[in-house]
Amino acid sequence: MKKIVLFIFMSLTMLVRANAQFYSVKTNLLGLATTNLNVEGAVSIHRNWSLHLPINYNPWIFSGNKRLQNITVEPGIRYWFLESFSQGFIGIQSIYSRFHVGANKYRYDGYGVGLGLSYGYSKALNKRWNLEFEAGLGVLWADYTKYLCKKCGAPSGNEKKVHLIPSKASVSLVYLF
């Protein structure tokens, strides 16, 4: 999986002219606060356009068998109103998530695919660092098994549903190359 993601990202960067390359790496501080390990690489492909590849991973199981385990990839593109990595933007991203979530009396194990739209703002802190805010909504088609309790593992059936979800909620620290 890591090799595929790296290959896709490197292939996309080959589309960029050598004299116009501008990159960033960031992490979502809100995601880290929820124990979600995350990193996002981005490349400017034009004055107002950039490609993004965020990866989120959460392997943890908490006391009482509560879990928010997932691996989520959301490749996307942004249109920046001023110029890449500066001030406001709108974005569109595809979503793929493999999840295993347990809370209250149910546990869900499955995957989802979807599409999201987002709006955000990037505030320059200095030459190399930005603080970025982003919020978005998405549509996710999920195929999962629902279990009656978190520990016993008795399945109550398979479900395939479309959900309206918050696809983005981030306050991120960005490093610019």
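The values are calculated or read from the model by the stated rules, or taken from the named source; none is laboratory data. The shown structure was predicted, so the numbers you read here are calculated from the model rather than taken from an experiment. All Cβ positions, even for glycine, are placed from backbone atoms using ideal geometry, and neighbour counts span all protein chains on display. Note: accessible area is taken over every heavy atom of the protein model, side chains too, but ligands, DNA and RNA are not part of it. Shrake-Rupley method; radii C 1.70, N 1.55, O 1.52, S 1.80 Å.
Pick from region 70-86 the residues that are at pLDDT below 95 and part of a strand (DSSP E or B): which of them is most open to solvent (accessible area, probe 1.4 Å)? Checked region 70-86; the qualifying residue most open to solvent (accessible area, probe 1.4 Å) is 83. Going through region 38-58 one residue at a time, which ones are in a loop (DSSP other than H, G, I, E, B) and either within 26 Å of residue 139 (Cβ to Cβ) or in contact with a Leu (Cβ under 8 Å, 6 or more places away or on another chain) (or both)? Answer for region 38-58, where residues must be in a loop (DSSP other than H, G, I, E, B) and either within 26 Å of residue 139 (Cβ to Cβ) or in contact with a Leu (Cβ under 8 Å, 6 or more places away or on another chain) (or both): just 48.
Return yes or no: is residue 91 part of a strand (DSSP E or B) and more than 18 Å from residue 30 (Cβ to Cβ)? Explain how you work it out, then say what you get.
Values: part of a strand (DSSP E or B): yes; more than 18 Å from residue 30 (Cβ to Cβ): no.
Considered against the rule, which asks whether it is part of a strand (DSSP E or B) and more than 18 Å from residue 30 (Cβ to Cβ), residue 91 comes out as no.
Among the residues of region 87-101, those that are open to solvent by less than 20 Å² (accessible area, probe 1.4 Å) and either on the phi > 0 side of the Ramachandran plot or of a type in the set (S, T, N, Q) (or both) comprise 93, 97. The residues listed here are 144, 119; of these, the one that is among the hydroxyl-bearing types (Ser, Thr, Tyr) and open to solvent by 40 Å² or more (accessible area, probe 1.4 Å) is 119. For region 50-68, taking the residues that are at pLDDT 95 or above and under 30 Å from residue 148 (Cβ atoms), the one that is most open to solvent (accessible area, probe 1.4 Å) is identified as 57.
Is one or more of the residues making up region 29-49 of a type in the set (D, E, K, R), at pLDDT 95 or above and open to solvent by less than 60 Å² (accessible area, probe 1.4 Å)? Show your work before the answer.
Going through region 29-49, the residues of a type in the set (D, E, K, R) turn out to be 40, 47.
The next check asks that each one be at pLDDT 95 or above; those that pass are 40.
Next, from what is left, pick out any that are open to solvent by less than 60 Å² (accessible area, probe 1.4 Å): 40.
Yes - at least one qualifying residue is present in region 29-49.
With the checklist (1) touching a residue at least 40 places away in the same chain (Cβ under 8 Å); (2) not in a strand (DSSP E or B) in hand, flag the one item residue 144 doesn't pass. Going through (1) touching a residue at least 40 places away in the same chain (Cβ under 8 Å); (2) not in a strand (DSSP E or B) one by one, residue 144 breaks only (2). Residue 162 meets the conditions (1) at pLDDT 95 or above; (2) closer than 21 Å to residue 28 by Cβ; (3) among the aliphatic types (A, V, I, L, M) in every case but one. The failed one is (2).
How about region 75-103: which of its residues are among the hydroxyl-bearing types (Ser, Thr, Tyr) and either in contact (Cβ under 8 Å) with a residue 60 or more places away in the chain or in contact with a Cys (Cβ under 6 Å, 6 or more places away or on another chain) (or both)? Walk me through it before giving the result.
Start the filter on region 75-103 by keeping residues that are among the hydroxyl-bearing types (Ser, Thr, Tyr), which leaves 79, 84, 86, 94, 96-97.
Passing the criteria: only 84.
So, in region 124-141, of the ones that are touching a residue at least 12 places away in the same chain (Cβ under 8 Å) and of a type outside the set (A, V, I, L, M, F, W, C), which residue ends up surrounded by the fewest Cβ atoms within 10 Å (Cβ to Cβ)?
So in region 124-141, the residues touching a residue at least 12 places away in the same chain (Cβ under 8 Å) come out as 124, 127-141.
When the remaining residues are screened for being of a type outside the set (A, V, I, L, M, F, W, C), the result is 127-128, 130, 132, 134, 136, 138.
Values: 127: 6, 128: 11, 130: 19, 132: 20, 134: 20, 136: 21, 138: 21.
If we take residues in region 124-141 being touching a residue at least 12 places away in the same chain (Cβ under 8 Å) and of a type outside the set (A, V, I, L, M, F, W, C), then 127 is surrounded by the fewest Cβ atoms within 10 Å (Cβ to Cβ).
Kindly check whether there is at least one residue in region 156-168 that is closer than 21 Å to residue 44 by Cα and either in contact with a strand residue (DSSP E or B) (Cβ under 8 Å, 6 or more places away or on another chain) or in contact (Cβ under 8 Å) with a residue 12 or more places away in the chain (or both). Explain how you work it out, then say what you get.
Taking region 156-168 first, the residues closer than 21 Å to residue 44 by Cα are 168.
This time we only want the ones that are either in contact with a strand residue (DSSP E or B) (Cβ under 8 Å, 6 or more places away or on another chain) or in contact (Cβ under 8 Å) with a residue 12 or more places away in the chain (or both), so: 168.
Scanning region 156-168, I find at least one residue that is closer than 21 Å to residue 44 by Cα and either in contact with a strand residue (DSSP E or B) (Cβ under 8 Å, 6 or more places away or on another chain) or in contact (Cβ under 8 Å) with a residue 12 or more places away in the chain (or both), so the answer is yes.
With respect to the conditions (1) in contact with a Leu (Cβ under 7 Å, 6 or more places away or on another chain); (2) among the small types (Gly, Ala, Ser); (3) not in a strand (DSSP E or B), residue 153 falls short on a single one, namely (1).
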